[in-house]
Amino acid sequence: MFKGEQKIRKINTLTLTVLLLLAAAPVKSPFSAVKVSAEFDALEDNESPDIAVDGKGNSFIVWSGTSEDDQGIFWARVSEDGIIEKVAEVSLHEDNQLSDDYNPQIAVDSEGNSYVVWYGVTRNGSTIYWARTDPSGVLEDVQEISAEKPGERPSDRYPQIAVDSEGNSYVTWQGAGGSDQDIYFIKIDSSGVPGKVEQISTHKDNVNRNDYSPQIAVDLEGNSYVVWYGLDGNDLEIYWTFIDRTGVQEDVEKISTHVDNRDLDDYNPQIAVDLEGNSYVVWYGFDGNDLEIYWAAVVNTQAGDVEKISTHLDNLFKDDYDPRIAVDLQGNSYVTWYGFDGMDNEIYWTTVASSGSQETTLKISISPYNKVWDDYNPQIAVDSEGNSYVVWYGFDGTDYEIFWAEMTDSSLMIPQIVSLHGDNEYHNDYDPEIALYNGDSYVVWYGFDGTDNHIYCSLPGIAAVSSEATGPVTSQLFVEADQFPQTVVLKAVVSDEDRGGSIIRRAEYFLDVKGTSGNGTPMTAVDGVFDSSVESVRAFIDVTNLGLGTHLVYVHGQDATGNWGPFNIAYFRLQRFSIE
């Protein structure tokens, strides 16, 4: 029986029992979304956004988008008040202005200078580019930083960047190194002068084998920590290295040493560094039964024991993927990933102390809007108080939306939908990224607006839309048994008080499948007439011909100006039983 379920009626022999899983009232979201890429009407296929925030709460966003000529890299500055101050193209290097560019990443220093890397593809191969803009958005420099090797066709991709407190930037990427793929590193100083490109994937057991997907973190002193995965001749392993601020590299360490997957594949590591220069790494790997999440700490360049941390009871023997990590000031790790629970993919979260002691693993994708549907690709950030914030995308029964959740002292707030822009309410949203400033979340993603993909951001400085564009909110939604055994009663409250103050015109529901607004089954006002900005509404649902099992009810209302509000969802389950 689900938590919150209750039997509400028995009927002689072989009859129906309704079991309820009540939908929580929607939490009023602190977010409102703006379309960042709308500044360029000619842009299409906007995707792959990334975000960083400076020391004043201004956010900087980059993405890849198609213009008339090619796929380019675009940059935007959004003020702390949510004003889009400037949007510009930054992929303006003379040798690839008419070639395609992909996978931008951004870092920002405390003064608001932003540093962007991406890879560009031409007829001659693919190379890594670096650009810097000043706080006002003036593009100061664009450089090709992946040195070509004589006689070789360059194949450099997937750059990652980090910046230190002095404005030095550090870049790593995956590139062809003769007969195999290797990992490369470069430092660009605060004046924009690049150092020497170094191959850093030098572990003896895979120096001549492929390496993939590096990630980088930098400490306060400008030391770099890089992880990747690569083939050691037997299976894929996780590698780690340290490069000091002068460019001197320590030995490469193989850190995927957990006893149950030492000779099995490991993938896609992520890294974070604390104030002491200790680094913490997570990845997913095969343990002989399924894919699991692993965690390791590297202290004073010495790797400790590897811990398996995907310990939630409902997916102990099911696959887990793509962990992300953030670290607080005390060196505690906060980790999130998605995994299969036997029904659908869910988002999981846990904390690990620097000693390796793990707290309880929580399933956090518990929004009533998508509790029974898939969730993917979480991202995480942590503030100075140790509160962590996670974003992901998940299906809500109609389309994919962006969800946001806050964990405080291991307590979870009900996740909220942040993809609230009016032009893509019923279209898909994907691949969110998150940044923090003073405990506030800044979220960016891409979504379809009915014509093409655009970049959206949701910032705490953006005033919530209070005009008639949003429609009323539905809350206090529940289902209960009627006095007649073939009927259940659906009840809700529809309010426009915080959405413009209009009178509620009507409310409707859809059973199991969300339909087009205006075509649902009408609900009635409990007091008999729709004449207020807040209305209690109800409907009687005949369950005689419904199949056994869980059913979903989608409810929303319309205000007097014609705007439909977002759906809220209730669940109920039909079950037969007999009385002896």
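The values are calculated or read from the model by the stated rules, or taken from the named source; none is laboratory data. Bear in mind that the values here come from a model prediction, so they are computed numbers and not experimental data. FYI the Cβ positions are ideal-geometry reconstructions off the backbone, even for glycines, and counts take in every protein chain you see.
Inside the stretch 81-102, can you point out the residues that are under 17 Å from Glu47 (Cα atoms) and under 25 Å from the mean Cα position of the chain (by Cα)?
Once the filter is applied, which keeps residues that are under 17 Å from Glu47 (Cα atoms) and under 25 Å from the mean Cα position of the chain (by Cα), the stretch 81-102 yields Val87, Ala88, Glu89, Val90, Asp101, Tyr102.
Does Tyr369 meet the test of being out of contact with any Ser or Thr (no Cβ under 9 Å at 6 or more places or on another chain), of a type in the set (Phe, Trp, Tyr), farther than 14 Å from Met407 by Cβ and at pLDDT 90 or above?
In short, no.
Within the stretch 201-231, can you find the residues that are touching a residue at least 40 places away in the same chain (Cβ under 8 Å), in a loop (DSSP other than H, G, I, E, B) and either of a type in the set (Phe, Trp, Tyr) or surrounded by fewer than 23 Cβ atoms within 10 Å (Cβ to Cβ) (or both)?
Passing the criteria: Thr202, His203, Asp205, Asp219, Leu220, Glu221, Gly222, Asn223.
Look at the stretch 277-309 and say how many of its residues are charged (D, E, K, R) and over 28 Å from the mean Cα position of the chain (by Cα).
The total comes to 1.
Quick test for you: out of Ala131, Ala147, pick the one residue that is at pLDDT 95 or above, over 20 Å from Gln270 (Cα atoms) and among the hydrophobic types (A, V, I, L, M, F, W, C).
Ala131
Please verify whether the stretch 457-478 includes one or more residues that are part of a strand (DSSP E or B), surrounded by fewer than 19 Cβ atoms within 10 Å (Cβ to Cβ) and modelled with pLDDT of 85 or more.
No, the stretch 457-478 contains no residue that is part of a strand (DSSP E or B), surrounded by fewer than 19 Cβ atoms within 10 Å (Cβ to Cβ) and modelled with pLDDT of 85 or more.
Would you tally the residues in the stretch 479-499 being outside any strand (DSSP E or B) and either modelled with pLDDT under 80 or charged (D, E, K, R) (or both)?
Adding up the residues that qualify gives 8.
Given Ser441, Ser419, which one is assigned to a strand (DSSP E or B), small (Gly, Ala, Ser), modelled with pLDDT under 95 and within 17 Å of the chain's Cα centre (by Cα)?
The unique qualifying residue is Ser441.
Six or more apart or on different chains, Cβ under 6 Å: which pairs go from a residue in the stretch 259-275 that's of a type in the set (Gly, Ala, Ser) to one that's part of a strand (DSSP E or B) and surrounded by 20 or more Cβ atoms within 10 Å (Cβ to Cβ)? Could you list them?
Ala272/Ala217; Ala272/Tyr280; Ala272/Ile325; Ala272/Ala326; Ala272/Val327
Let's see how each residue does on (1) under 17 Å from Asp512 (Cα atoms); (2) part of a strand (DSSP E or B); (3) among the β-branched types (Val, Ile, Thr); (4) modelled with pLDDT of 85 or more:
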{"position": "Ser536", "(1), (2), (3), (4)": "no, yes, no, yes"}
{"position": "Ile541", "(1), (2), (3), (4)": "yes, yes, yes, yes"}
{"position": "Thr550", "(1), (2), (3), (4)": "yes, yes, yes, no"}
{"position": "Tyr554", "(1), (2), (3), (4)": "yes, yes, no, yes"}
{"position": "Gln558", "(1), (2), (3), (4)": "no, yes, no, yes"}
{"position": "Ala570", "(1), (2), (3), (4)": "yes, yes, no, no"}
{"position": "Arg573", "(1), (2), (3), (4)": "yes, yes, no, no"}
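Take the residues in the stretch 374-389 that are charged (D, E, K, R) and in contact (Cβ under 8 Å) with a residue 40 or more places away in the chain; name whichever of them is surrounded by the most Cβ atoms within 10 Å (Cβ to Cβ).
Asp383
Which residue pairs have Cβ atoms under 7 Å apart, sit 6 or more places apart or on different chains, and have a first residue in the stretch 106-125 that is of a type in the set (D, E, K, R) and a second that is buried (at least 21 other Cβ atoms within 10 Å of the Cβ)?
Within 7 Å, the pairs are Asp109/Val163.
Could you say whether any residue in the stretch 246-259 is part of a loop (DSSP other than H, G, I, E, B), surrounded by 23 or more Cβ atoms within 10 Å (Cβ to Cβ) and of a type in the set (S, T, N, Q)?
yes
Going through the stretch 309-348 one residue at a time, which ones are in a loop (DSSP other than H, G, I, E, B) and crowded, with 24+ Cβ neighbours inside 10 Å?
Residues satisfying the conditions are Ile309, Ser310.
May I ask you to list the residues in the stretch 163-200 that are over 17 Å from Val142 (Cα atoms), acidic (Asp, Glu) and in a loop (DSSP other than H, G, I, E, B)?
Asp164, Glu166
Name every residue in the stretch 349-384 that is of a type in the set (Gly, Ala, Ser), assigned to a loop (DSSP other than H, G, I, E, B) and closer than 21 Å to Ile51 by Cβ, in order of residue number.
Result: Ser384, single match.
Within the bounds of the stretch 111-123, is there any residue that is assigned to a strand (DSSP E or B), surrounded by fewer than 20 Cβ atoms within 10 Å (Cβ to Cβ) and within 20 Å of the chain's Cα centre (by Cα)?
No, the stretch 111-123 has no match at all.
Would you kindly identify the strands (runs of 3 or more DSSP E) lying entirely within the stretch 1-105 that contain at least 2 residues that are modelled with pLDDT under 75 and buried (at least 18 other Cβ atoms within 10 Å of the Cβ)?
Ranges flagged: 15-21.
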